[in-house]
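Asker: Would you mind keeping the following structure in view while I ask a few things?
The values are calculated or read from the model by the stated rules, or taken from the named source; none is laboratory data. Computed from a predicted structure; not experimentally measured. Because the Cβ atoms are built from the backbone with ideal geometry, glycine has one as well, and the counts that use them run over all protein chains shown.
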Amino acid sequence: MNTKSKKNIVIKIGTTSIIKNNKVDSTLLKNLVELVKEYNDLYNFVIVTSGAVGLGASKLNYKSRPKSLKKLQVASAVGQIELVNQYEKVFNKSKINIAQVLITKNLIDDREQFVNTTQALNELLSEGIIPVVNENDVVATEELKFGDNDRLSAIVSIIVDAEKLIIVTNKEGLYNFNPDKNKDAKKIDYIEYDSEELNNLIPISQKGEGIGGFSTKIMAAQISGFSGIPTQIISWSKENLTKVLLNEKVGTYITASSKKIRLRKLWIAYGMSTASSIQIDEGAKLALEKNASLLSNGVIKVDNSFNTGDGLSVIYNKKIVAKGIAKTDSNSLSSDNLLIHKDDLIIL
């Protein structure tokens, strides 16, 4: 089957799933390869994998996950080789080509580099190659980090226009309470991506060897859901992943918007870095909701100076309601200036 006619699936595998007893879980990888082969006619697969820092820390005999940036970089550099080698070894036995793709936040922040990253990932898929994606912790600084691979997996899902984002973790799905602390916690089977109920679950976070608790998985699902991509959170098993690929009930299914949004606007929403926040009045907010451009007469406060072409967060009532690209700089604002053109703005 032509790879362009197949749907794209992003599978994010967390540290607690891929690493067992300080080693890569070879059984998980073998099962993953079997599923990729079985469903190769239906899907192109992208794998977002954690585990490099954990592997490196173990190999270097660190007692726990390092906290300093330098130690994290060292552990990542050592662990990434082992992690990719294990993927390569297992996939190669089935004659499936994989490619290591290391991404930093600045590749997504910058529009040109975002486009290049998009083209590279989609070209790999068109060649029948499975991208194995991780954040490049070796060169990323605190300012240039996603912070966790959950958010990265949502961005990758946007880039490849995924049919679905699958987040594999050590729990059966999302729960209404922390199941490690509350025996009455119940798994949530289905939830709307933009619901208050989902938002209220964000403080409930279970953390282990990785850095992404369940709050980051929820935020990833909100990003992908806004972008029209549903998310399914499951615990790892071949049976569970098979059910997801067959669109059967398993884990927690988080819905997505039915609205199709252009990739450039999704980049403005979730890729572009912002130089400043601007606070607007009610009239400006109502105008934006009617698909109008933002004029400077609706701005009541500018938090930081900015230049033409900079990214801006638009604030109303203490919440970010939109993001956009400045058409003028903060020193040139006048009552009738066009501040953000509607083509460069997205309502959140």
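Asker: If you check every pair at least six apart or on different chains, which have Cβ atoms under 8 Å apart with a residue in the stretch 134-156 that is surrounded by fewer than 20 Cβ atoms within 10 Å (Cβ to Cβ) first and a residue that is at pLDDT below 75 second?
Answerer: Close Cβ pairs satisfying both conditions: Gly147/Ile211.
Asker: With Ile278, Ile261 as the choices, which residue is in a loop (DSSP other than H, G, I, E, B), β-branched (Val, Ile, Thr), in contact with a Ser or Thr (Cβ under 8 Å, 6 or more places away or on another chain) and in contact (Cβ under 8 Å) with a residue 60 or more places away in the chain?
Answerer: Ile261
Asker: Need the failing condition index for Thr231 against (1) at pLDDT below 95; (2) within 28 Å of Val36 (Cβ to Cβ); (3) touching a strand residue (DSSP E or B) at 6+ places or on another chain (Cβ under 8 Å), just the number.
Answerer: (1)
Asker: Among all residue pairs at least 6 apart or on different chains, which show Cβ distances below 6 Å where the first residue, located in the stretch 316-336, is under 22 Å from Tyr270 (Cβ atoms) and among the aromatic types (Phe, Trp, Tyr) and the second is surrounded by 17 or more Cβ atoms within 10 Å (Cβ to Cβ) and modelled with pLDDT of 95 or more?
Answerer: Tyr316/Ile280; Tyr316/Lys285
Asker: Which count do you get for residues in the stretch 50-90 that are at negative phi, part of a loop (DSSP other than H, G, I, E, B) and modelled with pLDDT of 90 or more?
Answerer: The total comes to 3.
Asker: Determine, yes or no, whether Leu35 is surrounded by fewer than 21 Cβ atoms within 10 Å (Cβ to Cβ), in a helix (DSSP H, G or I) and of a type in the set (A, V, I, L, M).
Answerer: In short, yes.
Asker: Okay, moving on. Mind checking whether some residue in the stretch 166-179 is closer than 17 Å to Gly14 by Cα, in contact with a strand residue (DSSP E or B) (Cβ under 8 Å, 6 or more places away or on another chain), at pLDDT 90 or above and of a type in the set (Gly, Ala, Ser)?
Answerer: Yes, the stretch 166-179 has at least one match.
Asker: Among the listed residues Asn307, Asn317, identify the single one that is more than 27 Å from Ala220 (Cα to Cα), surrounded by fewer than 20 Cβ atoms within 10 Å (Cβ to Cβ), over 21 Å from the mean Cα position of the chain (by Cα) and outside the structural domain of Ile229 (by TED's automatic domain parsing).
Answerer: Asn307
Asker: Which one of the conditions (1) modelled with pLDDT under 95; (2) among the small types (Gly, Ala, Ser); (3) surrounded by fewer than 14 Cβ atoms within 10 Å (Cβ to Cβ) does Gly283 fail to meet, given that it meets all the rest?
Answerer: Tallying (1) modelled with pLDDT under 95; (2) among the small types (Gly, Ala, Ser); (3) surrounded by fewer than 14 Cβ atoms within 10 Å (Cβ to Cβ), Gly283 fails exactly one: (1).
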